[in-house]
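Notes follow once the structure below has been shown.
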Amino acid sequence: MMNRRVHSKVVKASALERLRDRGVTLEGIAEIVYQMQSPYSTNLTMESCLDSVAAVLDKREIQHAILVGVELDQLAEKNQLSEPLLSIVREDEGLFGCDETLALGSVFGYGSIAVTTFGFLDKHKIGVIKKLDTRKDGPVHTFLDDLVASIAASASSRLAHRIRDEEEAAEAGKEDISDASNQHAG
């Protein structure tokens, strides 16, 4: 049997489908991003938050993490994991940590803001993360709640850096104009 490479479009579509099937929308993640970044940017829009979420979901690392994490959650729902792993995942055992480790791995590419934001979201569980985390006697979201937190944290960090870059570019533009007018005045 020959190894077949899976095209990145297929992987992305599958990851997005897994999120949708589990009740997670890009808008729901963007709302978390907005809540995290709005105190730092008066001109922040939901559109820019949504764009940032979409850009994060373009990364293969997060797509792969979604596929692995959701698969493990679904296998736990169907009792298809062996014990003791089944009970640990079904109960979202507090000392398990593998769910956070998988999610945290994709955050590292977005710097310290993403890492600290992920920690905050993992502890405080806001928005759709809280909905995923608090479902009892229903779908298992042991991995998914942390994956959504990692997407939101990464998108927040990406957006924070972009906003800063735009502010600095605007300031540089003003300085260029000021320098030019000073040269003409002198």
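The values are calculated or read from the model by the stated rules, or taken from the named source; none is laboratory data. The model shown is predicted, which means the values in this text are computed figures rather than measured ones. Note that each Cβ is placed from the backbone with ideal geometry, even for glycine, and that neighbours are counted across all protein chains shown.
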Worksheet entry | Among the residues listed as L26, L16, L50, the single one being under 21 Å from V128 (Cβ atoms) and touching a residue at least 40 places away in the same chain (Cβ under 8 Å) | L16
Worksheet item: Can you name the condition, by its number, that R5 falls short on among (1) more than 17 Å from H161 (Cα to Cα); (2) out of contact with any helix residue (DSSP H, G or I) (no Cβ under 8 Å at 6 or more places or on another chain); (3) without any contact (Cβ under 8 Å) to a residue 24 or more places away in the chain; (4) surrounded by 15 or more Cβ atoms within 10 Å (Cβ to Cβ)?
Response: (4)
Worksheet item: Among (1) touching a Gly at 6+ places or on another chain (Cβ under 8 Å); (2) under 18 Å from I32 (Cβ atoms), which single condition is T117 missing?
Response: (1)
Response to the item:
Subset of region 80-119, residues of a type in the set (S, T, Y), assigned to a helix (DSSP H, G or I) and surrounded by fewer than 19 Cβ atoms within 10 Å (Cβ to Cβ), comes to S87, T101, S112, T116
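Results for (1) within 21 Å of A114 (Cα to Cα); (2) outside any helix (DSSP H, G or I); (3) touching a Pro at 6+ places or on another chain (Cβ under 6 Å); (4) at pLDDT 95 or above, shown as yes or no for each residue.
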| site | (1), (2), (3), (4) |
| --- | --- |
| R4 | no, yes, no, no |
| S14 | no, no, no, yes |
| L19 | yes, no, no, yes |
| A30 | yes, no, no, yes |
| Y34 | yes, no, no, yes |
| C49 | yes, no, no, yes |
| D58 | yes, yes, no, yes |
| E71 | no, no, no, yes |
Fill in: Residue tally, condition crowded, with 17+ Cβ neighbours inside 10 Å and over 13 Å from the mean Cα position of the chain (by Cα), over region 128-159
5
Worksheet item: Looking at (1) among the small types (G, A, S); (2) farther than 22 Å from S156 by Cβ; (3) modelled with pLDDT of 95 or more; (4) under 23 Å from the mean Cα position of the chain (by Cα), can you tell me which one G97 breaks?
Response: (3)
